[in-house]
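K.L.:
Let me begin by handing over the structure; questions about it come next.
Laboratory data are not the source of any read-out in this text; all were calculated from the coordinates shown. Note that the structure is predicted; figures quoted are calculated from it, not measured. Quick reminder, even Gly has a Cβ in these numbers, built from the backbone with ideal geometry, and neighbours come from all protein chains shown.
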Amino acid sequence: MKSFSNNKTLILIASIFMLITIFVVFFSVIVNQLDNTVLSHVFQLRNVNFTPIVIWVTDLLTPTNIVLTVTIMSMLIFLAKQSWVLSLWYAAVHIIGLLVINPGIKSMVSRTRPPVDFRLVHETSPSFPSGHSASVVLVTLMIVFALVVLFNLGKYKGILLTLAFALILFIGFSRLYLGVHYLTDVIAGYCVGLLCFGLGLKFYNHYI
């Protein structure tokens, strides 16, 4: 997982994010046309039996659930390692990424979500980048890191990463399916989550 904190990797992710942001801000007409085309194809997959499942999965990433998960993991880290530094580092990565960086970008870009008629759930915050997408990347990768590195479960690394990757993809898909985000929102959210994880890992490798 050290590759996530590699300078070249971080620069690549940041470049992708900046490129998407530039297109969303300065070429919105073109981007919206492409995004709406993607949404129209995703909406064709809507099904009355599948929709409740999608809503249930996307609701796993509610702020309450994230706070609860991060708190439990932070306490487990403290109990296992007897280190407030590690525990606070784990919590701080999430706080900075999900309560400062992502909301800050949302406020600056202030992109309007897809039309209300498209949405299957209620959302009020700006659209770009997707908070759910950033959250699922950061939260799941931080859990995998904790289990593999801090709790010495390296033999399950492949399984854990596969499960994390599957959930990341499904959450991204769910935001489109529910009509509350565009594809560019989701990709940008993934980038934010990866950047926060990579920077958090770099801090861990250098200072903890």
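K.L.:
Among the residues of segment 96-121 satisfying the criterion of being of a type in the set (D, E, K, R) and part of a helix (DSSP H, G or I), which is surrounded by the fewest Cβ atoms within 10 Å (Cβ to Cβ)?
P.N.:
Taking the candidates together, the pick is Asp117.
K.L.:
Please identify the pairs in which a residue from segment 32-51 that is touching a residue at least 24 places away in the same chain (Cβ under 8 Å) and at negative phi has its Cβ atom under 8 Å from the Cβ atom of a residue that is small (Gly, Ala, Ser) and in a loop (DSSP other than H, G, I, E, B), counting only partners at least 6 apart or on another chain.
P.N.:
Listed pairs, sorted by first residue: Leu39/Gly179; Phe43/Gly179.
K.L.:
Go through segment 61-74 and report how many residues are free of Cβ contacts under 8 Å to residues at least 24 places away in the same chain and either loosely packed, with under 15 Cβ neighbours inside 10 Å or not β-branched (Val, Ile, Thr) (or both).
P.N.:
8
K.L.:
Step by step: first the residues of segment 75-95, then only those that are crowded, with 16+ Cβ neighbours inside 10 Å and not hydroxyl-bearing (Ser, Thr, Tyr), then the one that is nearest to Thr140 (Cα to Cα). Which residue is that?
P.N.:
Within segment 75-95, the match that is nearest to Thr140 (Cα to Cα) is His94.
K.L.:
Okay, moving on. Please determine whether any residue of segment 145-161 is free of Cβ contacts under 8 Å to residues at least 60 places away in the same chain and assigned to a loop (DSSP other than H, G, I, E, B).
P.N.:
Among the residues of segment 145-161, at least one is free of Cβ contacts under 8 Å to residues at least 60 places away in the same chain and assigned to a loop (DSSP other than H, G, I, E, B), which makes the answer yes.
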